[in-house]
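K.L.:
There's a structure below that I have some questions on.
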Amino acid sequence: MSSETPPVTGSAPVARPKTTGLHVGDAVPGVAKVDPIIIADGVHRSFGGVTAVDVEHLEIPRGVITALIGPNGAGKTTLFNLLTGFDKPDHGTWTFDGTSLSGMPAYKVARMGLVRTFQLTKALGLLTVMENMKLGAKNQRGEKFWAGMIPALWRKQDEGLEVRAMELLKKFKLDAKADDFAASLSGGQRKLLEMARSLMTEPTLVMLDEPMAGVNPALTQSLLDHILGLKDEGMTVLFVEHDMHMVRHIADWVVVMAEGRIVAEGAPEAVMKDPAVVDAYLGAHQELDLGVVTGRIDVVQADPTTDAAASAAADADAIVDRGIAEEEQEGGK
Ligand SMILES: Nc1ncnc2c1ncn2[C@@H]1O[C@H](COP(=O)(O)OP(=O)(O)OP(=O)(O)O)[C@@H](O)[C@H]1O
Ligand SMILES: [Mg+2]
């Protein structure tokens with residue numbers, strides 16, 4: 001595996017080299033990884049007669065960013081649900097960091113260091129941003145009912161949680177909103193809150209289900225940078241995304257699902273050229289960057305292969321502030 005440490009230059013986005021040398025042998029579906037953090041075997045889930053997930057073998061490389069792509073209904077979210085204990089497979093086994101997670105409930109999975117966010121944000125509108133952060137941590141930890149009955153126990157823990165929550169909220173530029181109801185946040189800010197909340201338990205693997213969906217274009221740069229930041233901090237990231245521009249920009253490895261199966265894997269540039277992927281996924285839009293199609297990416301902005309460098313030139317803070325201002329003007333819709 002080869003990965004250089006990115007230079008630290010304030011809060012501006014930094015061009016990061018992609019990590020390569022992640023797999024062993026040809027990049028075929030199910031290919032072994034040099035250092036896998038997740039290894040799944042024979043994972044199958046059907047709903048009625050419909051097979052949603054049928055994964056023979058899948059390994060997720062450690063310490064890098066893997067994108068899981070595929071058409072609507074390919075089974076990406078269902079696979080996320082299974083791996084994180086939010087759903088149970090018909091059959092199949094998988095390990096996380098060498099420990100079997102099969103049949104383990106979600107809160108225990110989170111306690112092991114594997115957290116996820118949801119395609120539709122789960123921020124609780126009638127709780128404040130800070131309460132959401134603290135509750136996220138408690139839910140992920142599987143807080144015991146009786147622990148809540150011993151004030152001395154929870155007060156001390158609560159203070160610790162609040163400090164960590166505030167650090168994360170600052171990082172995600174939500175600290176000024178700590179006491180606001182989550183319902184008052186814009187869509188993009190809710191996505192940021194959900195990501196911040198998932199980090200409360202200091203996970204080793206973060207699974208993000210469409211983190212950019214519904215986010216104001218001006219905030220996507222911030223989200224991208226946060227995802228790259230997770231890798232910088234040594235976390236492993238697995239994310240689902242439909243926007244090929246985003247995938248090219250930040251993924252070190254790409255896994256393609258179609259009809260429940262893994263149909264291709266590889267480095268982003270190679271996968272995007274794979275005829276099976278073009279057939280299964282890109283279809284009629286193959287000549288276009290889907291970032292342009294979805295309107296999230298300015299056509300003149302950048303060549304996707306050099307986009308990391310392009311983003312480094314941008315002033316992140318200005319972009320983020322503009323995005324937040326725009327979203328606030330929209331009235332927190
Ligand atoms: N709870 C459920 N009950 C019945 N069918 C389901 C359920 N969850 C998912 N499915 C079906 O399983 C298949 C895979 O769905 P899934 O949501 O995992 O796809 P996806 O790849 O995440 O799609 P998208 O890109 O649209 O989010 C689809 O055919 C879907 O209709
Ligand atoms: Mg989905």
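K.L.:
Quick one: which residue in P61, P13 is modelled with pLDDT of 95 or more and away from ligand 2 (no atom under 16 Å from the Cβ)?
P.N.:
P61
K.L.:
What residue, among those in the range 67-91 that are assigned to a strand (DSSP E or B) and within 15 Å of ligand 1 (Cβ to nearest atom), is surrounded by the fewest Cβ atoms within 10 Å (Cβ to Cβ)?
P.N.:
Across the range 67-91, the extreme among qualifying residues is A67.
K.L.:
Let me ask something additional. Find the residue count for the range 120-151, including only residues that are modelled with pLDDT under 85, of a type outside the set (A, V, I, L, M) and either under 23 Å from D179 (Cβ atoms) or in contact with a Lys or Arg (Cβ under 9 Å, 6 or more places away or on another chain) (or both).
P.N.:
12
K.L.:
Across the range 92-115, which residue is nearest to ligand 1 (Cβ to nearest atom) among those that are under 24 Å from N132 (Cα atoms) and at pLDDT below 90?
P.N.:
Looking at the filtered set, the residue picked out is A106.
K.L.:
Right, next: Mind listing whichever residues of the range 35-65 are over 22 Å from the mean Cα position of the chain (by Cα) and either assigned to a loop (DSSP other than H, G, I, E, B) or hydrophobic (A, V, I, L, M, F, W, C) (or both)?
P.N.:
Within the range 35-65, F47, G48, G49, V50 qualify.
K.L.:
Restricted to the range 41-55, and to residues that are among the hydrophobic types (A, V, I, L, M, F, W, C) and touching a helix residue (DSSP H, G or I) at 6+ places or on another chain (Cβ under 7 Å), which residue is nearest to ligand 1 (Cβ to nearest atom)?
P.N.:
Across the range 41-55, the extreme among qualifying residues is A52.
K.L.:
Which condition breaks for N81 when tested against (1) more than 20 Å from E265 (Cα to Cα); (2) more than 12 Å from ligand 2 (Cβ to nearest atom)?
P.N.:
(2)
K.L.:
Now for a different question. Taking the range 217-253 on its own, how many of its residues are part of a helix (DSSP H, G or I), within 16 Å of ligand 1 (Cβ to nearest atom) and under 25 Å from D26 (Cβ atoms)?
P.N.:
Of the residues in the range 217-253, 2 are part of a helix (DSSP H, G or I), within 16 Å of ligand 1 (Cβ to nearest atom) and under 25 Å from D26 (Cβ atoms).
K.L.:
Does any residue of the range 42-55 turn out to be surrounded by 18 or more Cβ atoms within 10 Å (Cβ to Cβ), within 16 Å of ligand 2 (Cβ to nearest atom), within 24 Å of M212 (Cα to Cα) and at pLDDT 95 or above?
P.N.:
Looking for residues that are surrounded by 18 or more Cβ atoms within 10 Å (Cβ to Cβ), within 16 Å of ligand 2 (Cβ to nearest atom), within 24 Å of M212 (Cα to Cα) and at pLDDT 95 or above, one finds at least one in the range 42-55, hence yes.
Each row is one residue, and each column tells you yes or no for (1) of a type in the set (S, T, Y); (2) modelled with pLDDT under 90.
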site: L208; (1), (2): no, no
site: T220; (1), (2): yes, yes
site: L228; (1), (2): no, no
site: G234; (1), (2): no, no
site: D243; (1), (2): no, yes
site: G266; (1), (2): no, no
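One line per residue, one yes/no per condition, for (1) within 16 Å of ligand 2 (Cβ to nearest atom); (2) farther than 21 Å from K171 by Cβ; (3) among the aliphatic types (A, V, I, L, M):
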site: E202; (1), (2), (3): no, no, no
site: V206; (1), (2), (3): no, no, yes
site: E210; (1), (2), (3): yes, yes, no
site: H226; (1), (2), (3): no, no, no
site: G229; (1), (2), (3): no, no, no
site: T236; (1), (2), (3): no, no, no
site: A251; (1), (2), (3): no, yes, yes
site: M257; (1), (2), (3): yes, yes, yes
site: G260; (1), (2), (3): yes, yes, no
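K.L.:
Could you give me the residue pairs with C-beta distances under 6 Å whose first residue belongs to the range 200-228 and is farther than 18 Å from R248 by Cα, whose second residue is among the basic types (K, R) and away from ligand 1 (no atom under 13 Å from the Cβ) wherever it lies, and which are 6+ apart or on separate chains?
P.N.:
Cβ pairs passing all conditions: V215/K191; A218/R322.
The values are calculated or read from the model by the stated rules, or taken from the named source; none is laboratory data. Everything numeric here is computed off the predicted structure, so don't read it as measured data. Quick reminder, even Gly has a Cβ in these numbers, built from the backbone with ideal geometry, and neighbours come from all protein chains shown.
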